[in-house]
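Data first, discussion second: the structure below is written as structure tokens.
The values are calculated or read from the model by the stated rules, or taken from the named source; none is laboratory data. Treat the numbers as computed from the prediction; the structure is a model and nothing was measured. Here the Cβ is made from the backbone with ideal geometry for all residues, glycine too, and neighbour counts use every protein chain on show. We work out accessible area using only protein heavy atoms, side chains counted, and drop any ligands, DNA or RNA first. Shrake-Rupley method; radii C 1.70, N 1.55, O 1.52, S 1.80 Å.
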Amino acid sequence: MWLVGLLSFVSLAAAGKFQDEYFQKYHLFESYVELRGGEMNMGSDDKASRNMAYPPRRARVEPFRILQFPVTNAFFRRFKFNKHRYRTDAELNGFSYVFRPLLHPDAQGSIVDQEDVQWDLEYWMVPVQDVRWSYPIGQGTVHNETFMLQPVVHVSHEDARSFCHWFGWRLPTEVEWEFAAKAGKTGTPIYPWGDRFEHGRANLWQGTFPYENLLKDGFMGLAPVNALPPQNGFQLYDMLGNTWEWTSSQFKEELRGSTHETMYVVKGASFLDYRDGTEPIRVSIRRGRPPHYSAHNLGFRCAQTINYGKNKGFR
């Protein structure tokens with residue numbers, strides 16, 4: 001059982017009194033769903049799955065709320081307005097990673113000479129000076145309605161945690177995130193909507209990466225969070241595709257059981273991932289990133305534990 005709700009301005013008292021045109025216009029994209037929780041099959045039954053996603057295992061989830069959409073630029077803008085001294089890791093570091101073919105022409109000369117590269121995309125994901133949440137493709141980013149409704153990116157795990165704490169929520173655990181994505185389905189579904197891939201359901205790369213994108217979903221890069229229909233019976237958007245999403249769960253490597261540095265699980269894949277890659281794209285896919293890492297294809301959404309004593313559970 002689940003219930004859709006909308007974050008009221010009263011419940012966001014910590015957000016201050018920032019009620020400009022963007023709040024009034026985009027507040028509907030701050031809605032959440034309430035989930036009763038229960039048991040689920042965590043992971044995948046596909047032996048090709050990596051990073052300990054295989055084999056599947058039983059897991060239990062307590063009742064919780066989760067945002068219906070990834071956090072948007074409009075939502076994050078309000079956070080930055082109220083926490084005006086807060087600086088994201090990308091702002092502090094002076095750079096973040098951008099998908100090279102989408103880098104704005106005005107920012108082509110701002111690529112930073114860094115020894116480390118983005119793990120999965122290597123040459124195609126480059127560190128660019130002055131890239132941040134408000135300039136996701138560099139100086140020259142247009143701040144129009146499309147931008148406001150895109151998921152915020154270039155936010156680190158620390159940034160995501162700070163945002164969620166701002167109004168009394170938190171990042172979802174990996175188990176909560178996957179429970180929400182699978183929408184109570186039995187077994188180990190491949191996609192949020194079922195086991196058969198459907199075009200127009202997720203913003204993924206379609207074609208020969210990175211040379212050809214057939215644009216069957218209509219987007220070369222980030223899409224507005226409401227551009228495609230809800231992906232499952234819980235009416236959740238963008239659980240698969242558009243951006244990877246941070247969780248609060250610590251990532252462990254398959255062979256050593258832990259990493260040399262603390263890393264956190266990211267879920268969901270992004271507009272740069274493709275169905276027929278070396279690892280199958282599915283809701284169980286998981287990777288690890290350091291807490292201060294940020295990139296063009298990484299965002300988040302928030303969650304909250306339902307306390308039956310205080311909130312009396314479901315209405």
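Return yes or no: is residue 177 surrounded by 19 or more Cβ atoms within 10 Å (Cβ to Cβ), among the hydrophobic types (A, V, I, L, M, F, W, C) and out of contact with any Ser or Thr (no Cβ under 8 Å at 6 or more places or on another chain)? Criteria not met by residue 177.
Restricting attention to segment 104-147, the residues that are of a type outside the set (Val, Ile, Thr) and at pLDDT 95 or above total 6.
Considering only segment 149-166, how many residues are in contact with a helix residue (DSSP H, G or I) (Cβ under 6 Å, 6 or more places away or on another chain), of a type in the set (A, V, I, L, M, F, W, C) and open to solvent by less than 10 Å² (accessible area, probe 1.4 Å)? Qualifying residue count, segment 149-166: 2. Of the residues making up segment 204-211, none is under 25 Å from residue 41 (Cα atoms), open to solvent by 50 Å² or more (accessible area, probe 1.4 Å) and not hydroxyl-bearing (Ser, Thr, Tyr). In segment 212-223, the residues that are among the aliphatic types (A, V, I, L, M) form Cβ pairs under 6 Å with partners that are buried (at least 20 other Cβ atoms within 10 Å of the Cβ), at six or more places apart or across chains, as follows: 220/213; 222/150; 223/203; 223/242. Against the condition open to solvent by less than 10 Å² (accessible area, probe 1.4 Å) and touching a Lys or Arg at 6+ places or on another chain (Cβ under 9 Å), how does residue 243 come out, does it pass? Against the criterion (open to solvent by less than 10 Å² (accessible area, probe 1.4 Å) and touching a Lys or Arg at 6+ places or on another chain (Cβ under 9 Å)), residue 243 does not qualify. In the set 18, 23, 9, which member is aromatic (Phe, Trp, Tyr), more than 20 Å from residue 224 (Cα to Cα), open to solvent by less than 40 Å² (accessible area, probe 1.4 Å) and modelled with pLDDT under 70? Only one candidate qualifies: 18. Residues that are open to solvent by 60 Å² or more (accessible area, probe 1.4 Å), part of a helix (DSSP H, G or I) and in contact with a helix residue (DSSP H, G or I) (Cβ under 9 Å, 6 or more places away or on another chain) within segment 82-105 comprise 100, 101, listed in sequence order.
Name the residue, out of 261, 253, that is modelled with pLDDT under 95, open to solvent by 50 Å² or more (accessible area, probe 1.4 Å) and either in contact with a Pro (Cβ under 9 Å, 6 or more places away or on another chain) or not in a loop (DSSP other than H, G, I, E, B) (or both).
Answer to the selection: 261.
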